Every structure is written in C-alpha cells, then in structure tokens.
Amino acid sequence: MSKQLGFNLKVERLKKHMTQKELSEHIGISARTISRYELNQANPKEKTLMKFAEFFGKTIEQLLK
C-alpha cells in the first residue's frame with residue numbers, strides 16, 4: 001500500500017482537529033491501530049479504508065496519493 005497513506009490520514013485527522021482516539025471511535029478501530037496506520041506500520045483492510053475515505057470526504061485514490 002502507498003507510503004503516503006499514513007501521512008494523508010494524519011493530515012486529514014489534524015484538519016478536523018481530532019485525536020487518534022476520537023478518530024478511532026468514529027471509524028470503529030483502536031487508537032493504537034490508527035497510530036500504526038499513520039506510521040505506515042500496518043495497512044488498513046479495504047473496508048476500513050472505505051470508512052476513512054467516507055469520513056474524510058475523499059476517495060480512496062486521494063488518500064493513497
């Protein structure tokens with residue numbers, strides 16, 4: 001998966017002035033998992049990636065660029 005994904009997730013989260021914990025509650029995963037995604041230590045499944053895209057009002061392609 002794209003190395004940009006982690007960076008883009010963090011940028012979009014910060015644009016909404018949210019903590020990882022707050023975002024995790026909206027997406028339905030742990031804050032630790034959000035951290036791992038942002039640090040590119042793990043990749044979200046397609047279903048989770050779709051949740052991020054919908055939440056941030058972006059396409060999956062935009063999050064991966």
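The values are calculated or read from the model by the stated rules, or taken from the named source; none is laboratory data. Because the structure is predicted, anything quoted here is derived from the model rather than measured. As a convention, Cβ positions derive from the backbone with ideal geometry for all residues, glycine included, and neighbour counts pool all protein chains shown. When the accessible area is computed, the model is the full protein with side chains, heavy atoms only, and any ligands, DNA or RNA have been set aside. Shrake-Rupley method; radii C 1.70, N 1.55, O 1.52, S 1.80 Å.
Per-structure values
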| read-out | value |
| --- | --- |
| Accessible area of the chain belonging to carbon and sulfur atoms, whole % at 1.4 Å probe | 51 percent |
| Unit charges on C-beta of K, R, D, E only; dipole of the chain, Debye | 140 debye |
| Relative contact order (%) - criterion: Cα under 8 Å, at least six apart; region: the chain | 44 percent |
| Listed residues Lys47, Lys58, Lys10 arranged by accessible area, highest first, probe 1.4 Å | Lys47, Lys10, Lys58 |
| Average accessible area per residue (Å²) across the chain - probe 1.4 Å, nucleic acids and ligands excluded | 66 Å² |
| Computed accessible area, Phe7, all protein chains, 1.4 angstrom probe, square angstrom | 120 Å² |
| Accessible heavy-atom area order of Met1, Met18, Met50, highest first, probe of 1.4 Å | Met1, Met50, Met18 |
| Alpha-carbon radius of gyration plus Dmax, which is the widest Cα pair, for the stretch 1-61 in Å | 10.1, 26 |
